[in-house]
Amino acid sequence: MSEKQKGLLSMFDPVKLDRPPSRKRVKTLVIGLCLGAVGAAGFALRSIIPTFAVQESSVHVANELCPQARSMTPVKHSAIWNTLVERSASEEFKERAVEWLSGAVKIRTESYDYMEPVGVDPRWDVFGSFHNYLLQAFPLVHSTLALTKVNTWGLVYVWPGSDESLKPILLTAHQDVVPVNPETTDEWEYAPYSGHYDGEFIWGRGSSDDKGGLIGILQNLISVGFEPTRKAVLAFGFDEEASGLHGAREIAKHLLSAFGEEAFAFIVDEGGNFQESFGSVVAFPAVAEKGYMDVRLSVASPGGHSSIPPKHTSIGLLAALIAEIEANPVAPKLSRDNVFYDTLLCTAVRSAEIDPDMKKAILASIISDDALRAVESIIFKVPLISSLVGTTRAVDIIGGGVKANALPEDAWAVINHRIATDSSVSEVINIDTQLVKPIAAKFNLSLTSFGDVITDPSVPYYGSIVLSDPWGNQLEPAPISPYKSSAAFDILSGTIKSVYNTHRGLSGDDNIEVYPSYMTGNTDTRYYWKLSENIYRYGHGNGLGGRGIGSIHTVNENIPVDSLLEMIEFFTALILNADEATDL
């Protein structure tokens, strides 16, 4: 990769390129930033578009291909909004916001994989201290909203509205944080649970992910006399970092029981941020998430004394299978009905500094299959883009053998899959099965895939291969939430534009663009699909200047206090705008 490509890709991932990005760092797919890498690669694109003509600078074309909502500032609640904006700009309120988040960070609400149930595993008990802190920090919230605790530590607040005919909104965040590796404690600028404020940044685990979002949602509209017309529900899980099995999954059951399916006008959870993209400032709310699946690949062969070994032991056979799997990644696809494609279109028609030939190729692909395939072949030459868009595999766990002088009778590996939004669990199972099948034949091994016997059971085999689901955690890609001609998405987009402007003293609709995107990882919304078709993952984090999202999941996690204040303004405006909406 050239230095220019590295520079362009570093806009996407502010972490040093020689350090692998953490899971959450790549949760939000911001395709526009990656296009610079392919634009810098020097591919000749002119040959694929000699006859394609379009008025690229036409406002009409831009609005058709990448429609933008108007900036949306509260009208009915304008007095409340203006009061809150003025208050947010004061030193007194800034000090309170710092205290809120700093105090939240100081409580070590770590969640771990494979924890025992609530009431059994004592590591859950720390959330009692966190609940006590929230009660002390936000007394008006707790005296005004109805609170239900789900599975002891899940929090569901209901803010009643005066018009029960209106669908409520659901705002979510999570209380838990990723554990701090004790071996990295000395690498922190300030102690990881100090909540230290240095006059510009608040430091500590959870400051960005996701206690900043939780504080942003809990900010106090009540103190300025706001009484909602539309009911608002706030839901805070407590093990999002461990797949939400005890928190969001149980909260979803509660909400379905209390409100029913499709009960909410929209749901907003953690997710995308806003940042520079080819000369434009762009917000990237995620309208979908990749799917998830772990596959256990097991090999069995005869045991015995290692002094008389066969040509291949079970470990050797497993190694051959792993080598084959890694040599044949799932090929990514570019289709016109994919969110990724619409992000490309937005980048082509609205970003000021995209490579001209790349822009023409993307526009040509609207009607030309040849252009579509050409764009596909170019963008997927960049490994990062290929991984972010397509289905990925990673061999993460391996085991086998018990003693140096004993032939291993079993060997196994667990392969993690992140499933592309236009694929499925069944398609991935079929792809894996077909990939393994020739290896099974080559080494005379029987093959069983997820309970289906693939090879002839009457044949005497040397050993066996079994593909299976080790933990029962398969997850299909999330349904794609509406973002074209969608009142809910327009309210979200209009709020983003308004808050961005207000926080900077700007006006107009073009200071920040909004492009649809999606998550490569999964949030608590995986359990909320039945509650609303309008699920958006966006927290209004400030990624300008290459900041990204504050070193989450690694050392020196932090958030600028100015970013926290803008997040508070965002959730405030979103509640007010949704309360005024008549078309949700």
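The values are calculated or read from the model by the stated rules, or taken from the named source; none is laboratory data. Remember, predicted model here, so these are calculated numbers, not experimental data. All Cβ positions, even for glycine, are placed from backbone atoms using ideal geometry, and neighbour counts span all protein chains on display. Calculation scope for accessible area: heavy atoms of the full protein, side chains included, ligands and nucleic acids excluded. Shrake-Rupley method; radii C 1.70, N 1.55, O 1.52, S 1.80 Å.
May I ask you to say which residue of A191, A263 is touching a residue at least 24 places away in the same chain (Cβ under 8 Å) and either in a helix (DSSP H, G or I) or of a type in the set (A, V, I, L, M, F, W, C) (or both)?
A263 is the lone residue from the list that is touching a residue at least 24 places away in the same chain (Cβ under 8 Å) and either in a helix (DSSP H, G or I) or of a type in the set (A, V, I, L, M, F, W, C) (or both).
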- Task: Please enumerate the residues belonging to the stretch 441-459 that are touching a helix residue (DSSP H, G or I) at 6+ places or on another chain (Cβ under 9 Å) and either open to solvent by less than 30 Å² (accessible area, probe 1.4 Å) or under 24 Å from A327 (Cβ atoms) (or both).
- Result: K442, F443, L445, S446, L447, S449, F450, I454, T455
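Per-residue answers, yes or no, for (1) in contact with a strand residue (DSSP E or B) (Cβ under 8 Å, 6 or more places away or on another chain); (2) part of a loop (DSSP other than H, G, I, E, B); (3) in contact (Cβ under 8 Å) with a residue 24 or more places away in the chain:
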| site | (1), (2), (3) |
| --- | --- |
| V61 | no, no, yes |
| A69 | yes, yes, yes |
| A79 | no, no, no |
| E92 | no, no, no |
| A104 | no, no, yes |
| Y112 | no, yes, yes |
| E116 | no, yes, no |
- Message: Return the residues of the stretch 510-543 that are open to solvent by 40 Å² or more (accessible area, probe 1.4 Å) and either modelled with pLDDT under 95 or hydrophobic (A, V, I, L, M, F, W, C) (or both); say none if nothing qualifies.
- Response: D510, W529
- Matching residues, the stretch 230-269, being on the phi < 0 side of the Ramachandran plot and open to solvent by 30 Å² or more (accessible area, probe 1.4 Å): K231, L245, H246, R249, E250, K253, H254, L256, S257, A258, F259, E261
- within 26 Å of A487 (Cα to Cα), in a strand (DSSP E or B) and touching a residue at least 60 places away in the same chain (Cβ under 8 Å), is that true of A252? no
- Examine the stretch 462-475 for a residue that is more than 22 Å from N522 (Cα to Cα), open to solvent by 70 Å² or more (accessible area, probe 1.4 Å) and in a loop (DSSP other than H, G, I, E, B), and state whether such a residue exists. yes
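S207 - would you say it is open to solvent by 10 Å² or more (accessible area, probe 1.4 Å) and within 19 Å of the chain's Cα centre (by Cα)? Write out each step before concluding.
On the way: open to solvent by 10 Å² or more (accessible area, probe 1.4 Å): no; within 19 Å of the chain's Cα centre (by Cα): yes.
No: the conditions fail for S207.
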- Return yes or no: is I367 under 30 Å from P67 (Cβ atoms), among the β-branched types (V, I, T) and open to solvent by less than 60 Å² (accessible area, probe 1.4 Å)? no
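Only one of S493, S481 is open to solvent by less than 10 Å² (accessible area, probe 1.4 Å) and part of a loop (DSSP other than H, G, I, E, B); which?
It is S481.
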- Item | Close pairs from the stretch 478-491: first under 14 Å from I267 (Cβ atoms), partner acidic (D, E), Cβ under 6 Å, at least 6 apart | A478/E289
- Task: Determine if the stretch 278-295 includes at least one residue that is modelled with pLDDT of 95 or more and in a helix (DSSP H, G or I).
- Result: no
- Query: Mind checking which pairs have a first residue in the stretch 199-221 that is without any contact (Cβ under 8 Å) to a residue 60 or more places away in the chain and a second that is assigned to a helix (DSSP H, G or I), Cβ under 9 Å, 6 or more apart or different chains?
  - Reply: G199/V561
- Note on the structure: When every residue in the stretch 120-176 that is under 30 Å from A581 (Cβ atoms) and part of a helix (DSSP H, G or I) is compared, the one nearest to the chain's Cα centre (by Cα) is L134
- Query: So, in the stretch 95-152, of the ones that are under 22 Å from T554 (Cβ atoms) and among the acidic types (D, E), which residue ends up surrounded by the fewest Cβ atoms within 10 Å (Cβ to Cβ)?
  - Reply: D113
- Message: Going through E353, E376 one at a time, which residue ends up being closer than 22 Å to A420 by Cβ and acidic (D, E)?
- Response: E376
- Message: Show the residue pairs meeting these rules: Cβ distance below 8 Å; 6+ apart or different chains; first residue within the stretch 498-512 and in a loop (DSSP other than H, G, I, E, B); second residue of a type in the set (F, W, Y).
- Response: L506/Y500; N511/Y500; I512/F274; I512/Y500
- Note on the structure: Only one of (1) under 27 Å from the mean Cα position of the chain (by Cα); (2) at negative phi does not apply to G195, and that is (2)
- Item | Tally of residues being hydroxyl-bearing (S, T, Y), closer than 12 Å to S207 by Cβ and outside any helix (DSSP H, G or I) across the stretch 548-584 | 1
